[in-house]
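In what follows, a structure is listed as structure tokens, so that the remarks can point back to it.
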Amino acid sequence: MKMTEDHAEHLQELMRWRRDMRHFRRTPLSEDLIEELRAAMDLAPSVGNARPWRVFRVEEPGLRQQVRADFLRCNQAAAESYDNDTRVEYTRLKLAGIDKAPLQLAVFTETDPPEGRGLGRATMPHTLEQSTSMAVYGMWLTARAHNLGIGMLSILDPDRMKTLFDVPESWNFTAYLCIGYPEFDDDTPLLHRKGWQENAKTEWVTR
């Protein structure tokens, strides 16, 4: 299939509107739509075709509450690490969508998968984590194409997540994703709107 200028423009638009969302409506997602998001991960590239991502669909209320409790603990510790002025700015940010997002996924990376037979990762094992990140990003763009938002909840203790989800020792916690229809549409990142930090231009240095 030959790509066109329309494809390029649509891709740029998707990336521009791909925002880390924190404000969700409680509107449930259809199972067909959830399946499209899952299938998007199947299209992701991975080192040696290892396909190391392992995903839990978190539905059990008690488990969600335990994740939320760990977030609150970690968030408090993060706030206390800042000086007074920055702490005030930090506490004004809404850093979690876990209370409303209808779909929540816990994503792990298998660091010793049999798939791929070790191809391409012997010298750079962290490419397994990179592979999982690409699978997440592919799903993220697919979600945006369906007018969904995704928030990545990173203020969590990885070891606690491994314990909560009772995963093998070889699995590393990669991401906790909150997915749903956003309360409002905005192509300006939250941290920009709140004055936390603007983007710096990516520089390519010639050697």
| said: I'd like to verify a number: residues in the range 171-181 that are over 19 Å from Phe71 (Cβ atoms) and in a strand (DSSP E or B), how many? | reply: 1
| Residue in the range 149-170 that is nearest to Arg57 (Cα to Cα), counting only those that are under 13 Å from the mean Cα position of the chain (by Cα) and assigned to a loop (DSSP other than H, G, I, E, B) | Leu153
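Every residue, every condition in (1) small (Gly, Ala, Ser); (2) under 15 Å from Arg54 (Cα atoms); (3) at pLDDT below 85, yes or no:
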position	(1), (2), (3)
Met134	no, yes, no
Tyr137	no, yes, no
Trp140	no, no, no
Arg160	no, no, no
Trp171	no, yes, no
Ala175	yes, yes, no
Cys178	no, no, no
Asp186	no, no, yes
Trp196	no, no, yes
| Going by the conditions given, is Leu95 surrounded by 14 or more Cβ atoms within 10 Å (Cβ to Cβ), modelled with pLDDT under 85, among the hydrophobic types (A, V, I, L, M, F, W, C) and touching a helix residue (DSSP H, G or I) at 6+ places or on another chain (Cβ under 9 Å)? | yes
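Among the residues of the range 102-130, which ones are touching a strand residue (DSSP E or B) at 6+ places or on another chain (Cβ under 7 Å) and either part of a helix (DSSP H, G or I) or of a type in the set (A, V, I, L, M, F, W, C) (or both)?
Leu103, Leu105, Ala106, Val107, Phe108, Leu128, Glu129
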| Is the range 8-28 home to any residue that is among the hydroxyl-bearing types (Ser, Thr, Tyr), more than 28 Å from Lys162 (Cβ to Cβ) and free of Cβ contacts under 8 Å to residues at least 60 places away in the same chain? | no
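The values are calculated or read from the model by the stated rules, or taken from the named source; none is laboratory data. Treat the numbers as computed from the prediction; the structure is a model and nothing was measured. Note that we place each Cβ from the backbone using ideal geometry, even for glycine, and neighbour counts take in every protein chain shown.
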